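Remarks on the structure that follows.
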Amino acid sequence: MIMRTEDDVILVDSSDREVGVGKKSTVHRLGLLHRAFSVFLFDGQGRLLTQRRALDKYHSGGRWANSCCGHPRPGELTHPAAVRRVREELGVSAILTEAGAFIYRAEVGASLIEHEMDHVFVGKLRGEPAPDPREICSLAWVSIDELQADLQQRPTRYAAWVAGALLVALSVPTGALPSS
């Protein structure tokens, strides 16, 4: 598996204070704590858009995940970064609300470690997704109940952050989601 880009990511402490910048590949190899985000997009029926990560992603390829995820660039605020990645990965726009953040650490294969301060955003999908095939190999709409049951029955189908990020996403009442 190869890294597509050598993007820099923002290193943080456990209080989410910036402490430096590092190359994404190095940060993931060393398991350094860095800032990230996970986006959960819903339709008008309350279903969640999930994505299956492209098979050749440098980690967690072929695993199911939330609608979109990524890292803010140095100097970029997290909310605008999440909006940018929704547009890049899914080809749509979204109005997002931050639900909260959590820290997780997980080995994700290929001797890589995700150790992230993951900011979780929720929103309603605006438009028809046009996924970038370099990022996503398929999409599926699921109910929260279906996702929670599948996460319990088959956790290895999912990227390491999905279960924790979902708990944070569910802290935002559906009625509080931004209108499309």
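The numbers here are math on the coordinates, done by the rules we state, and not lab data. Here the structure is a predicted model, which is why all the values come from computation and not from measurement. Cβ atoms come from the backbone with ideal geometry, glycine included; neighbour counts cover every protein chain shown.
Observations, loosely collected:
- Reciprocal mean inverse distance between Cα atoms of the stretch 58-116 - Kirkwood radius, Å: 13.2
- With Cα atoms as the point set, the radius of gyration and Dmax of the stretch 8-174 evaluate to 14.8, 42 Å.
- Considering only SER93, SER138, SER111, the mean-square fluctuation computed in a Gaussian network model of the chain, springs between alpha carbons under 10 angstrom, is largest for SER111.
- Of the DSSP H helices in the chain, those whose Cα atoms cover at least 15 Å axially and whose Kyte score averages -1.0 or more: 78-90
- Sites VAL19 and TRP141, calculated FRET efficiency, Cβ-Cβ separation with R0 25 Å, nearest 0.05: 0.05
- DSSP loop trypsin sites (Lys or Arg not before Pro) with at most 15 other Cβ within 10 Å excluded, longest remaining stretch of the chain: 18-133
- Magnitude of the charge dipole, the chain, Cβ model with Lys/Arg +1 and Asp/Glu -1, debye to 20: 260
- Here's the list of aspartates and glutamates a cross-link from LYS124 could span, going by alpha-carbon distance under 17 Å and ignoring same-chain residues fewer than 8 apart: ASP43, GLU88, GLU89, GLU98.
- The ranking of VAL19, VAL86 by Cβ neighbour count inside 10 Å, starting from the fewest, reads VAL19, VAL86.
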